[in-house]
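Here, each number is a calculation from the coordinates, and none is a lab measurement. The structure presented is a predicted model; accordingly, all values stated were derived computationally and were not measured. All Cβ positions, even for glycine, are placed from backbone atoms using ideal geometry, and neighbour counts span all protein chains on display.
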Amino acid sequence: MPRIDIDESSPAKSVTFARTLLRSAVGLILIGHGAQKLAQLAAFSGELSTRFGLSGADAHVLAYAAAGIELAAGAGLILGWFTRFSAFVLVCASAWGFALEFAQGGSVLRVSPGLELAVVLVCVGTLFMFTGGGALSLDAALRERRWRKAIENDAIWSRPEYVGPGRHAAD
């Protein structure tokens, strides 16, 4: 029976670069949305107040929270830090935008830029929720650092069977 070798090496550099570029672009979009909400805080909290019947103070706190969460999640996506959680925030925010667009228009068949953007961001956020930040992310660097520290602190790796040929445990 022929043997099948499975290559479990890291993805090609082009795939890593593309994932990093996509993650960064979506993070910038999310930061742009958060910054826009923060810059127009009075209008955004007024819209929340009229649309959902919130008091002025509640709407103001919710507006600050929404802007801050989007800014933090965008920064997390750009850096690749807490990527899966940041992507979850992106999916929730985009699904909320999708629901609002759908509630205003009433039909999925009517295509609007807000609806298209919401659908794309939900799909990209879902991708990063399942795959993580990739090789060029702070998550991967911190995971690699923890792995190396664990090996350095574990005495079993200094035993002769784990030390390479021609090397001694004291090296």
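By per-residue mean of other Cβ atoms within 10 Å, what is the highest-first order of 134-146, 20-32, 71-83?
71-83, 20-32, 134-146
Testing the spin-label approximation: label points 7 Å from Cα along Cα→Cβ at L127 and A43. State their distance in nm.
3.1
Between L22 and R146, what is the FRET efficiency for a Förster distance of 25 Å, r being their Cβ-Cβ separation, to the nearest 0.05?
Once rounded, the FRET efficiency stands at 0.45.
Simple spin-label model, 7 Å along Cα-to-Cβ: W81 to A155 in nm?
3.6
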